[in-house]
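These notes concern the structure reproduced below.
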Amino acid sequence: MKTEHLESCRGGGIGGFLPSKGKMMAMEETDAGMDEQLAALGYKVRASDMANVAQRLEQLDMAIGGSAAQDDALLSHLASDTVHYNPSDISNWLENMLSELNAPPIPAPTATHPKSISFDFPSENLSSSVPNPFDPDYCLRSDYQVEGRSRNRKRMRTSSSSSSTSRTAAPAIESISAVVAATEVSSTNPVVVMVDSQEAGIRLVHALLACAEAVQQENYKAADAILKQISILASSQAGAMRKVAGYFAEALARRIYRLHPTQDSFFDSAFSDILEMHFYESCPYLKFAHFTANQAILEAFSGFRRVHVIDFGIKQGMQWPALMQALALRPGGPPSFRLTGISPPSPDNSNALQQVGWKLAQLADTIHVNFEYRGLVANNLVDLEPFMLESDESEAVAINSVFELHNLLARPGAIEILLSTVRSLRPRIMTVVEQEANHNAGSFLERFTESLHYYSTMFDSLEGVAGGEGQQDQVMSEVFLGRQICNVVACEGPERTERHETLAQWRVRMNGAGMRPVNLGSNAFKQASMLLALFAGGDGYRVEENEGCLTLGWHTRPLIATSAWCVAAAGESG
C-alpha cells in the first residue's frame, strides 16, 4: 500500500516526513530555520519540526505495536481513510495520535546497521525513462509493503547506521527517496535497522541519470542539487556499485564545476602504465587481449623465417615474452624476430624503451631466439611515417594495437591517416583489441548511460575475482578504470580521448580504410576459454565468437573485443 515514509540524512538522523502522494507547495525564498536542501528543491520544512516528527513516530510505533491482527486493522484503516499532510502539519497529527493512544515517551533506541548488499546494475537501457527528482510525485512516491505480519513488528524507512541519539542535530532530507529500512522493536532488544540495498541502488542509478540529464540541458543548479544527494544514496551500497557511483559522481562534479583534470601527457602516460600493470594482474582482460593477439600473429607467421612485430603501444612489453616462447618452440626452429616498440616520451627523460628492450633481449638469449629490438618515441601514432618503421620486404610484418586506436578518434581524420600508413606497410596481419562499448556517439546522456552500464559491469567483474577488498592490484585497477570514467564524462573535445567504439563500428572503419577481416579461428577460441578456466574466480567470464572475432565479457555483457585484419586486395571488400 501507499504510506508516508521517512528519509534519513548522512549523519544518521531522520531527515523528515514525506507524504506518499500529493504535492508540496513551492517556496519563493528560504526562511530562517528552514531545511536548506529541501528549500533548494522548493519545499518549506523546518529542521526542528523534522526532529520532533522523528521522535514522535518512534513513540507511535511503540504505541501501536500490538498483535498482528491489530496491526492489520490499523493498516486497513489507514488505507481506506487516508489523509495526506504536508510536513508542517504532521507534528500536530502525530501528537493527537499519541494522546489518543496514551503512549508514554520512550528513550531513543540504539540502531545497528548491517552490511549492505551490493546492487546488481540493471541491464536494460534506462535513458528512455529517466525520472525527474524535482517532480514531487517522484520524490514522494514509494511502494511500501509490510512483511512478516505474523510477527509483532512495524517498519520504518531510514538509511543510517548511527545511533538515534544524534537526531537532535538539524538533519538533511534526500531529494530522492533513497533506502528502505526495517526496524524491529522489542521491549528488551535494541532496534535492528535493515537496509533494502536493491531499492537504494535503483534510486542511485536514477539519480545519476537525472543528474546527467540536467547537465545535458545545462541546468547546472538542478544538477548540483541532485549531485549533493548521490553520495548519500551511495553510502547505502556496498562493493562495486558504491565505487562506480563514486567515480561517476566525481566526473559529474568536474563537469558541473568545470574542474577538468589537468593534462600532463608525460606524467599521465607513466602513471597509466603503472596502473595498467596492476590491471593486468587483477583480472584477465589484458591477458586475454595479449593471448588472442599473439595467437593470431603466430599463425600469420607460419612458414616465415624472418618476422617483424610493430607494437603501437609497447608500454612494459608484457605481451611479448609469451610470443617469443611460442616462436622458440616452433617446428624447425625459431625464426629471426624483430620487434619495434612505440611509446610516448618518458616523463623523467629516462630511456624506458631501452630498458624494455634489454629485458626482452635477455629472455631471447635464454630461449635461443635471434632477437632485434628498436624503440621508437612518438607523441602520437598519427605522426608515424612508413619509413620510420623500417619494414623489410623479406620479412613478415605484424602490427599490434591494444587499446590504442580509440585515442585517435579525438582528432578528426587521424585514424584514417594511421590506417593509410598501415596499408603502405602491407602487414601479414594487424591485431586490434578495443573496449566493446560505444562512448563516442550520441548525446551526452546516451554516452553517460552507456558508460554507466559498461563500467558497472567492469567493476562487478573486479569484485567477482578479487576475493576481498583492500588488495593493491584491485584498488589500482579501480583507479585505472576511474580515470577512464572521468575522461568519458568530464571531458570534451580533444581532451576526451577515451572514445571507445563497438566491434561493429570498427568493422565499418577498417573496411572503409581498405582492410579486410581475418578469422581468428576456433583454435584461438578454445585456448582462450582454457586460459579463463585457469584464472582464479573466472566463472563469470565468457568468451564468445563474433563473426570471426573474439570477445571477453562478464556474464552476458561483452567488454573487450579482439579482431584481426589484413590489407584487402584490389577490388576486395570486407
Per-residue HN-Hα couplings for region 499-508, Karplus 6.51 cos²θ - 1.76 cosθ + 1.60 at θ = phi - 60°, whole Hz, x for Gly and Pro? 9, 5, 10, 7, 4, 4, 5, 5, 4, 4
Normalised by the empirical 2.2 N^0.38 Å for globular proteins, what value does the Cα Rg of region 315-372 take? 1.22
What relative contact order, as a whole-number percentage, does region 443-527 give when Cα pairs under 8 Å and 6 or more residues apart are counted? 20
Apply the Karplus curve 6.51 cos²θ - 1.76 cosθ + 1.60, θ = phi - 60°, to the phi angles in region 355-366 and return the couplings in whole Hz, x for Gly and Pro. 5, 4, x, 4, 4, 5, 5, 5, 5, 4, 5, 5
Percent of Cα pairs exceeding the 13 Å cut-off, where the set is region 419-458: 64
What Kirkwood Rh does region 329-487 have if only Cα atoms enter the pairwise 1/r average? Answer in Å. 19.1
Need one word for region 224-331: rounded, prolate or oblate. Basis is the Cα gyration tensor (sqrt eigenvalues a ≥ b ≥ c); a/c below 1.5 gives rounded, then a/b vs b/c decides. prolate
Please work out whether region 336-420 counts as rounded, prolate or oblate from its C-alpha gyration tensor, where a ≥ b ≥ c are the square roots of the eigenvalues and a/c under 1.5 means rounded, while otherwise a/b larger than b/c means prolate and anything else oblate? oblate
In the structure displayed, which of LYS359/LYS526; LYS243/LYS526; LYS243/LYS315; LYS315/LYS359 lie more than 24 Å apart, Cα to Cα? LYS359/LYS526; LYS243/LYS526; LYS243/LYS315
Region 371-517, dipole about Cα centre (Lys/Arg Cβ +1, Asp/Glu Cβ -1), debye to the nearest 20: 520
Only four residue types carry charge here, +1 at the Cβ of Lys and Arg and -1 at the Cβ of Asp and Glu. Report the dipole size of region 326-410 about the Cα centre in Debye, rounded to the nearest 20. 320
Tally up the carbon and sulfur contribution to the accessible surface of region 362-430 as a whole percent, 1.4 Å probe, everything protein left in place. 46
Hull surface over four for the Cα convex hull of region 457-540, reported in nm², is 8.1
For region 394-436, count all C-alpha to C-alpha pairs, find those more than 12 Å apart, and express that count as a whole percent of the total. 64
Along each of the three principal axes of the Cα atoms of region 245-401, give the extent in whole Å, ordering the values from largest to smallest. 63, 33, 25
HN-Hα J couplings of region 547-553 from phi, Karplus 6.51/-1.76/1.60, θ = phi - 60°, integer Hz, Gly and Pro as x? 6, x, 10, 10, 10, 10, x
Rolling a 1.4 angstrom probe over the protein heavy atoms, how many square angstrom per residue are accessible across region 335-445? 45
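The values are calculated or read from the model by the stated rules, or taken from the named source; none is laboratory data. A quick note: this is a predicted structure, and the numbers were derived from the prediction, not measured. Glycine gets a Cβ as well: all are built from the backbone with ideal geometry, and neighbour counts include every protein chain shown. Side chains are part of the model used for accessible areas, which takes the heavy atoms of the whole protein and leaves out ligands, DNA and RNA. Shrake-Rupley method; radii C 1.70, N 1.55, O 1.52, S 1.80 Å.
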